[in-house]
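The values are calculated or read from the model by the stated rules, or taken from the named source; none is laboratory data. These figures come from a predicted structure and were not determined experimentally. All Cβ positions, glycine included, derive from the backbone under ideal geometry; neighbour counts span all protein chains shown.
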Amino acid sequence: MYIPEHFRLRHDQDAVAFMRANPFAILISSTDDGPFATHLPLFVLTQVCDNGSQAKILLRGHVAKANPHWRYLEQEPQCLAIFHGPHAYVSPSNYGARESVPTWNYAAVHVYGNARLFSSEDDLRSMLDQLIHTFEPAYRDQWESLSQKYRENMLRQIVGFEIAVTKVEGKFKLSQNRTPEDQARVMASLGRSEDSTISGVARMMREQRLGESKK
């Protein structure tokens, strides 16, 4: 991913927080017929290395057995997951300088890694437990109350995977290269939108403390 230094996300913990806040990702694999992509939720796990060094990042999820993506991961474990957040068109009318052009503000994290597949009932149950706990803990009681036959049938229809992350690239393009005055106008403009995808950019800009005069 092309990342000008103004927009580079420099800490893995910030990338992990962003991934957990925006867990619906695009998983991309290379195949003989070209790239293949699946849209799916991913669980983000961090493990501290034995030597106490930087935490290891793992992604876990599953696809339907009818989806050929798991076969592509089996043939070529190296893959890319893209996590994407709010985005918005930015009008040059927000800038003080007349000689300005439109742009687009957005946030994204690209995660590269190697996948391993699993399909045993114990591994699939463990993965589903993590997903349920993350996205809807209250559903656990309903899931456990379903018949064993139904649950086993559901498990037979999915293939789980775990991606050991090898590289993380994060890009928050949020007008960091503009003056604080321009940033403040961009935030005010985007923040007025009723579309959360657009107003979410203004929120992210505020969280990054943009638009504040440097003293």
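Observations
- Residue selected from the stretch 19-38 under the condition of a type outside the set (Gly, Ala, Ser) and under 11 Å from HIS110 (Cα atoms), by the criterion surrounded by the most Cβ atoms within 10 Å (Cβ to Cβ): LEU27
- Unique match (being free of Cβ contacts under 8 Å to residues at least 40 places away in the same chain and farther than 20 Å from ASN22 by Cβ) among SER100, SER91: SER100
- THR166 satisfies every condition listed in (1) part of a strand (DSSP E or B); (2) touching a Pro at 6+ places or on another chain (Cβ under 7 Å); (3) polar (S, T, N, Q) except (2).
- Pairing each residue of the stretch 133-160 that is aliphatic (A, V, I, L, M) with any residue that is in a helix (DSSP H, G or I), provided the two are 6+ apart or on different chains, yields C-beta distances under 6 Å for LEU155/GLU121; LEU155/LEU124; VAL159/TRP70.
- Unique residue being modelled with pLDDT of 95 or more, touching a His at 6+ places or on another chain (Cβ under 7 Å) and not in a strand (DSSP E or B) when the list is GLN142, GLN183, GLN176: GLN176
- Filter result for ILE163 (free of Cβ contacts under 8 Å to residues at least 24 places away in the same chain and within 18 Å of the chain's Cα centre (by Cα)): no
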